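Throughout, read-outs are computed from the coordinates displayed, never taken from laboratory work. Since the structure is predicted, the reported quantities are computational estimates derived from the model, not experimental observations. Glycine gets a Cβ as well: all are built from the backbone with ideal geometry, and neighbour counts include every protein chain shown.
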Amino acid sequence: MCNRGLSPKSIKSYLYGIKRLIKFINKDLQKVTLKEISAFQYHMNSIEEYSWTTYNITTCAMRFFYRYTCRKKWTIERIPFGRREKFIPVVLSHDEVILMFQSAQYLKFKTMMITAYATGMRINEIRHLKKQDIDRERGVIRVRCGKGSKQREVPLSPILLKYLYHFWRIEGKEMKEYLFFKKRNPSQPIDESWVQKNVRRACLKSGINKKDTMHTFRHTFATHLLENGAKFIQIKKLLGHSCLKTTLKYVHVIQESFIRIKSPLDF
């Protein structure tokens, strides 16, 4: 899996997927038939009622395992993906974003939230930011740990730069490699679990009744840009999406269309 460029997070998810298969099949995986895999997928979908994400990650794991590890001469499409759930991303209003910033308990966490909202970066991309990735001369941030090992650049907001400077002044002496580092081990990036725990804490403190995660700031970044006139193709590039279809999900949450449409009563 490492040789094919999968991220550590993907590898961990694939291994969990194969463990689910082992638990269900309870036999040598080399001797598993497509019929048994189909039964396992039915079990995940109809009996256990796994989420779409868990179901499809497990399917990806099985496809990878039987194609590249076992070298099965199967038509891999016979291990089908599930139909994607239609959902509207959770998005914060501008006032709610400010409330979240004000509710942050730690400077490091507050700076990470501001970075997420200002750039639309994923949590893993922010965790692996290094000081040299901040290009003040060109006004961009280099994203080196993008999904699928893709690199890109995002604009560096002057306001974000001020917050980063403030963070460097306070915690920069301990910094070794990563911008947002573990306090007990400064050579390692901060744990994702620590970040998400602080998101939930800030959510409770601010009184925001939404299922908020760090990824919510990425959704909010895209939605607010669209509401202020940015084009979908621009958002696609900033978010690092491979397919425009992924970006188009934000069409369901932008308020601009509702603001511009008049009621027939007003004609």
Could you work out the relative contact order of the chain? I mean the mean sequence separation of Cα pairs under 8 Å and 6+ apart, divided by the number of residues, in percent. 18
Given a cut-off of 19 Å, name the pairs among Lys108/Lys131; Lys108/Lys130; Lys9/Lys150; Lys9/Lys173; Lys110/Lys131; Lys108/Lys176 whose C-alpha atoms lie farther apart than that in the structure shown. Lys9/Lys173
Check: segment 8-78 dipole with +1 on Lys, Arg Cβ and -1 on Asp, Glu Cβ, in debye: 380
Please go through segment 27-75 and write out the trypsin sites (Lys or Arg not before Pro) that DSSP classes as loop and that have at most 11 other C-beta atoms within 10 Å. Lys27, Arg71, Lys73
Around Thr33 (Cβ within 14 Å, Cβ-to-Cβ, excluding Thr33; K/R +1, D/E -1) the net charge comes to +4
Answer with one residue from Cys243, Ala230, Ser13: the one whose Cα lies farthest towards the positive end of the charge dipole of the chain, charges on Cβ with Lys, Arg +1 and Asp, Glu -1. Ser13
Calculate the dipole size of the chain relative to its Cα centre from +1 charges on Lys and Arg beta carbons and -1 charges on Asp and Glu beta carbons; express the result in debye to the nearest 20. 1000
Between exposed GluC sites (Glu not before Pro) in the chain, where DSSP calls loop and at most 15 other Cβ atoms lie within 10 Å, what's the longest gap? 178-267
For the modelled label position 7 Å from the Cα of Lys35 along Cα-to-Cβ, which residues of segment 55-70 have backbone nitrogen atoms closer than 12 Å? none
Length gained, Ile47-Ser187, 0.36 nm per residue minus C-alpha separation, equals 46.0 nm
Running a GNM on the chain with Cα contacts under 10 Å, which residue among Gln30, Gln41, Gln105 ends up with the highest mean-square fluctuation? Gln30
Determine the relative contact order of segment 7-102: mean sequence separation of Cα pairs under 8 Å and six or more apart, normalised by residue count, in whole percent. 29
Cα-based reach from Lys211 at 14 Å (exclusive), listing aspartates and glutamates while leaving out same-chain residues under 8 positions away: Glu96
May I ask you to evaluate 6.51 cos²θ - 1.76 cosθ + 1.60, the Karplus curve with θ = phi - 60°, for each residue of segment 233-242 and list the ³J(HN,Hα) values in order in whole Hz, giving x for glycine and proline? 5, 5, 5, 4, 5, 5, 7, x, 6, 7
Report the local net charge at Ile79: Lys and Arg +1, Asp and Glu -1, summed over other residues whose C-beta lies under 13 Å from its C-beta. +3
Which residue fluctuates the most in the chain, going by a Gaussian network model with Cα springs under 10 Å, if the choices are Thr220, Thr69, Thr111? Thr69
Below 15 Å, Cα to Cα, which aspartates and glutamates can Lys23 reach? Residues fewer than 8 away in the same chain don't count. Glu36, Glu48
